[in-house]
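Read through the structure below, which is laid out as structure tokens, and then see the notes.
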Amino acid sequence: MQRPEPAEVDDCAAALAAKGVKIIAPPTDQSWGYRTLFFRDPDGNVLEIYADI
């Protein structure tokens, strides 16, 4: 399985937002070496998508 690229986190954010998903924290480069995106699922759970930077 290939690791996602940081740009794919941005693509996911755009796709989720287009479907009306509430983004909690937009794609952000974190100091610990990941590009992260946080959002809520329909049940209110916080989910994260990330890629190594």
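The values are calculated or read from the model by the stated rules, or taken from the named source; none is laboratory data. Keep in mind that this is a model prediction, so the values were computed, not measured. Neighbour counts run over all protein chains shown; Cβ positions are idealised from the backbone, glycine included.
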Restricting the range 4-21 to residues that are surrounded by 12 or more Cβ atoms within 10 Å (Cβ to Cβ) and not in a helix (DSSP H, G or I), the one modelled with the lowest pLDDT turns out to be 4
Restricted to the range 37-53 and to residues being touching a residue at least 40 places away in the same chain (Cβ under 8 Å) and more than 16 Å from residue 19 (Cβ to Cβ), the residue surrounded by the fewest Cβ atoms within 10 Å (Cβ to Cβ) is 52
Residue 35 fails exactly one of (1) touching a Phe, Trp or Tyr at 6+ places or on another chain (Cβ under 6 Å); (2) in a strand (DSSP E or B), namely (1)
